[in-house]
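To start, the structure under review is shown below, and the notes come after it.
Each value in this text was obtained by applying a stated rule to the coordinates, not by laboratory testing. Nothing here was measured: the structure is a model prediction, and the numbers come from that model. Neighbour counts run over all protein chains shown; Cβ positions are idealised from the backbone, glycine included.
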Amino acid sequence: MVVLPEGESHHIRSVLRLHTGQQVELFDGCGGIHLAELIDLSGKVRARIVSSTLDREGSGTQLWVGQGLLKGKNMDTVVQKCTELGVNALLPLMASRCQGRPDLIRDGKKHERWLRIIEEACKQCGRTRPMELLETTPFQDSIESSGTGSAGLKILFWEEERDVRLHDLLPFEGLDLVQILLGPEGGFTKEEVAMARGAGWRTVSLGKRILRAETATLASVAILQHLLGAM
Ligand code: SAM
């Protein structure tokens, strides 16, 4: 038997208007998918698990995205689309040209909102393991913690890179982890690019057109997920 949280109970009772005896599919956030029969809809809904399966998705190369904080809804969009596209972890980055300064209360509320966006996106796309949302981190700290060790392939997408494209880095077979960095609306500074290069990050171009920040993230994630065999 399982007892569902108030929010899910309300959704089942008042939005979906389901009845006892009907069945729902429940995700436990760890890859488990459970078919359950509704037993009691008063208060917090109680359901009896009828069958369970384990989704083994996610055994391939991990894709981690470091995203320079974007203004307003653009960051919400990146959180939602990275979840749909199967990104394993998202690291919001405070880079030099990010708008606004750190504010513990406001940033805490943003983090909570992004977690809700991830949960809703998982339900919508049927993802059984939510994308991990890391704490907003200063750019320099993330570069220093990424270390110069192998740690898979580390790519900083830079609109001033003229030579290296993604296909120059192929093949990707056998990689456990690919980490990518994308800048805020104002881009990365030359000092930030130099710091990343010094820590083993490769600068890569997405072509000669300068993409809006959220476009660059969605395009690079989709291309990489295709090259990694996840799409
Ligand atoms: N320097 C840009 C400008 O003049 O508008 C600002 C940065 S761009 C709007 C935001 C981010 O998208 C960049 O930091 C980079 O990570 C990525 N980006 C955009 N176009 C790109 C391209 N052609 N190649 C690689 N990365 C790109």
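Remarks
- Charge-dipole axis of the chain as Lys and Arg at +1 and Asp and Glu at -1 on Cβ define it, positive-most pick from HIS167, SER14, PHE188: SER14
- Taking 27 Å as the straight-line reach from the Cα of LYS109, the lysines in range (excluding those fewer than 8 positions away in the same chain) are LYS44, LYS71, LYS73, LYS81, LYS123.
- This model, with +1 at the C-beta of Lys and Arg and -1 at the C-beta of Asp and Glu, gives the stretch 62-227 a dipole about its Cα centre of some 460 debye.
- LEU169-ASP40 FRET efficiency (beta carbon distance; Förster radius 35 Å; 0.05 resolution): 0.05
- Hz values of 3J(HN,Hα) by residue in the stretch 175-183 - Karplus curve (6.51, -1.76, 1.60), Gly and Pro given as x: 7, 7, 8, 10, 10, 10, 10, 10, x
- With helices as the sole contributors, the chain gives -9500 deg cm²/dmol at 222 nm; each DSSP H run of n ≥ 4 counts as -39500 (n - 2.57), and the sum is divided by every residue.
- GluC sites (Glu not before Pro) restricted to DSSP loop in the stretch 42-124 with at most 15 other C-beta within 10 Å: GLU57
- Under 5 Å between amide hydrogens, built in the peptide plane, is the criterion, and for GLU185 it picks out LYS71 among residues at least 5 positions away or on other chains.
- Taking amide H as placed 1.01 Å from N in the peptide plane, GLN22 has its amide H under 5 Å from the amide H of LEU38, each at least 5 places away in sequence or on another chain.
- Here the Karplus curve 6.51 cos²θ - 1.76 cosθ + 1.60, taken at θ = phi - 60°, turns the phi angles of the stretch 75-85 into couplings of 6, 4, 4, 5, 4, 5, 6, 5, 5, 4, 7 Hz, with x standing for Gly and Pro.
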